[in-house]
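Q: Here it is, the structure in full.
The values are calculated or read from the model by the stated rules, or taken from the named source; none is laboratory data. From a predicted model like this one, the values you see are computed outputs, not experimental measurements. All Cβ positions, even for glycine, are placed from backbone atoms using ideal geometry, and neighbour counts span all protein chains on display.
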Amino acid sequence: MLPRVVITGLGVISPNGMGKAAFCQAILTGKSGVKRISLFDPSDLPVHIAGEIPDFDELAWVDPRERKHVSRVVPLAVAASAEAIHDAGLDPAAMSMEEKREIGVILGTGGGAQEFSEEQYRLWHSGHVKQVSLFCIPSGTMGTIPSEVSMRFGFRGYSHVITTGCTSSTDAIGYAYQHIQAGVQPMFLVGGVDAPITPGIIKGYSLLRALTASWNHAPERASRPFSADRDGFVLAEGSWMFILEDYDHARARGARIYAEIAGYASTCEAFHRVRMSESPEEPARAITEALGEARLAAEDIHYVNLHGTSTEMNDRVETRALKLALGEHAGKIPMSGLKSQIGHAQGACGAASLAATLVAMEHGKIPPTINLDVADPECDLDYVPEAGRRAEIEHAICNCVGFGSKNSALILRRAA
């Protein structure tokens, strides 16, 4: 039998709450973190809003002399990682070298340091060449992000980045889970981080007509998954980090266990670089294969945290996929869309979904899908609209789909 893999630490920097306690309170009460952008003046852009974290103190996590040399994702990742490490009862300063070699870092990110590179190009092309960072090349690459986290805490194990679009952090968590099962390392710091709120990225998504430009006047109402009047997603940033470890390893050190990862699967539709196929077959297969790995049936699932981007096709096809994967039981399972509260944190969204599901399992309450005034007739599952709901959750699904026809799913089991 393969080793069991459990979650023993959680750290959160989210648009609607910095720290796991604030995040927990926010999502259970349906608090939106979407607001007018303050990182720059968005007045000349078609979209003025985002799931931004305006009060985040970057310099509390990165030396002021180093800030110009790294992307915003670095302090976001470090801050959430520090909370997850502390929450798991770990103290890197007291660890031996051998102990640090047993802890790996795997981060999932969609755009990674794209924000940093955009700023370097802006400086270069506006004639401010002397202000360009001398680390513009290494700090502009994806691979240095987990390195920054590893260096901060001295962890000497794997230091890898997974970037598979919107499924990036779900896949990072899945990879860490598989490596622990394989006996490669007993413990990983793993999760997702993205900081995509920039003028260039908003312009690019606007060209795709992917962002909603209808709610600049009412930001908190803008992210509307499964609603009949949805017309695009809300861009968001944030970081959600976890400690994953071998069950026996966790028990031996007396760690508190949030939940067990019981299954993971990923598929590809091989259809289009952006659009989803109208067929729900492949996203459904990711769910059914993850259920198979967990040795569970549809009837065993008590909650689903949905991808729910608030785009017309995504919400409709995801609904079909859940029906195909779970059959008649799909209509009996409460489900909710976290993005209604925080927006779409790109490659970090799967980690956000996992964090929300852990909160739901721990507190016995399902976070609501807010802004669901009138559901699309083709989106007819139980999305727990507007107000949270009490529920005992033994098993849950975290579902994720993304660019490039990717589909990934995690299955969680309540800690025994």
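Q: Is it true that Gly263 is more than 22 Å from the chain's Cα centre (by Cα) and either at pLDDT 95 or above or over 30 Å from Arg221 (Cα atoms) (or both)?
A: no
Q: May I pose another question? Output the qualifying pairs, or none if there are none: Cβ atoms under 8 angstrom, residues six or more apart or on different chains, first residue in the range 85-97 and surrounded by 10 or more Cβ atoms within 10 Å (Cβ to Cβ), second residue in a helix (DSSP H, G or I) and not β-branched (Val, Ile, Thr).
A: As it stands, the answer is Ile85/Pro92; Ile85/Phe153; Asp87/Lys20; Pro92/Lys100; Pro92/Phe153, since those pairs meet every condition given.
Q: Also, I was wondering about something else. Scan Pro75, Pro54 and give me the residue that is more than 16 Å from the chain's Cα centre (by Cα) and buried (at least 22 other Cβ atoms within 10 Å of the Cβ).
A: Details: Pro54 fails: buried (at least 22 other Cβ atoms within 10 Å of the Cβ).
Pro75 is the lone residue from the list that is more than 16 Å from the chain's Cα centre (by Cα) and buried (at least 22 other Cβ atoms within 10 Å of the Cβ).
Q: Moving to a separate point now. Please enumerate the residues belonging to the range 150-176 that are assigned to a helix (DSSP H, G or I) and either surrounded by 24 or more Cβ atoms within 10 Å (Cβ to Cβ) or not assigned by TED's automatic domain parsing to the domain that holds Glu66 (or both). Walk me through how you get there before you give the answer.
A: Step one: filter the range 150-176 for residues assigned to a helix (DSSP H, G or I), giving 150-153, 168-176.
Ser168, Ser169, Thr170, Asp171, Ala172, Ile173, Gly174, Ala176 - these are the residues of the range 150-176 that are assigned to a helix (DSSP H, G or I) and either surrounded by 24 or more Cβ atoms within 10 Å (Cβ to Cβ) or not assigned by TED's automatic domain parsing to the domain that holds Glu66 (or both).
Yes/no per residue for (1) assigned by TED's automatic domain parsing to the domain that holds Ile37; (2) in a helix (DSSP H, G or I); (3) touching a Leu at 6+ places or on another chain (Cβ under 7 Å):
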| position | (1), (2), (3) |
| --- | --- |
| Glu220 | yes, yes, no |
| Glu278 | no, no, no |
| Pro283 | no, yes, no |
| Leu291 | no, yes, no |
| Lys323 | no, yes, no |
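Q: Take Phe135 and tell me if it is in the same structural domain as Val78 (by TED's automatic domain parsing), in a helix (DSSP H, G or I) and either among the aromatic types (Phe, Trp, Tyr) or more than 20 Å from Cys268 (Cα to Cα) (or both).
A: In short, no.
Q: Only one residue in His302, His329, His344 is touching a Pro at 6+ places or on another chain (Cβ under 8 Å), more than 12 Å from Asn399 (Cβ to Cβ) and of a type outside the set (Ser, Thr, Tyr). Which one?
A: Numbers: His329 fails: touching a Pro at 6+ places or on another chain (Cβ under 8 Å); His344 fails: touching a Pro at 6+ places or on another chain (Cβ under 8 Å).
Only one candidate passes the filter, namely His302.
Q: Select, from Arg224, Arg275, the only residue that is surrounded by 24 or more Cβ atoms within 10 Å (Cβ to Cβ) and either acidic (Asp, Glu) or over 30 Å from Pro3 (Cα atoms) (or both). Even if it seems obvious, please write down each step before you answer.
A: On the way: Arg275 fails: surrounded by 24 or more Cβ atoms within 10 Å (Cβ to Cβ).
On inspection, the qualifying residue turns out to be Arg224.
Q: Just to be sure before I move on: is Glu260 within 23 Å of Ala396 (Cα to Cα), among the charged types (D, E, K, R) and not in a helix (DSSP H, G or I) in the structure I sent?
A: Yes: the conditions hold for Glu260.
Q: Scan the range 336-379 for residues that are part of a strand (DSSP E or B), under 15 Å from Gly238 (Cα atoms) and among the small types (Gly, Ala, Ser) and report the count.
A: 0
Q: Write out, first by first residue and then by second, each pair whose Cβ atoms fall under 8 Å of each other, whose residues are 6+ apart or on separate chains, and whose first residue, in the range 191-202, is within 15 Å of Ala351 (Cβ to Cβ) and part of a loop (DSSP other than H, G, I, E, B) while the second is modelled with pLDDT of 95 or more and among the polar types (S, T, N, Q).
A: Ala195/Ser71; Pro196/Gln346
Q: Taking the condition among the small types (Gly, Ala, Ser) and over 17 Å from the mean Cα position of the chain (by Cα), does Ser405 pass?
A: Judged against the criteria, Ser405 is a match.
Q: Follow-up. Somewhere in the range 84-105, is a residue assigned to a loop (DSSP other than H, G, I, E, B) and within 18 Å of the chain's Cα centre (by Cα)?
A: No, there is no match, as no residue in the range 84-105 is assigned to a loop (DSSP other than H, G, I, E, B) and within 18 Å of the chain's Cα centre (by Cα).
Q: Of the numbered conditions (1) within 24 Å of Thr163 (Cα to Cα); (2) at pLDDT below 95; (3) not hydroxyl-bearing (Ser, Thr, Tyr), Glu66 satisfies every one except a single condition; which is it?
A: Glu66 satisfies all of (1) within 24 Å of Thr163 (Cα to Cα); (2) at pLDDT below 95; (3) not hydroxyl-bearing (Ser, Thr, Tyr) except (1).
Q: Looking at Gly110 and the list (1) in contact with a Cys (Cβ under 9 Å, 6 or more places away or on another chain); (2) in a helix (DSSP H, G or I); (3) not hydrophobic (A, V, I, L, M, F, W, C), which single condition is not satisfied?
A: (2)
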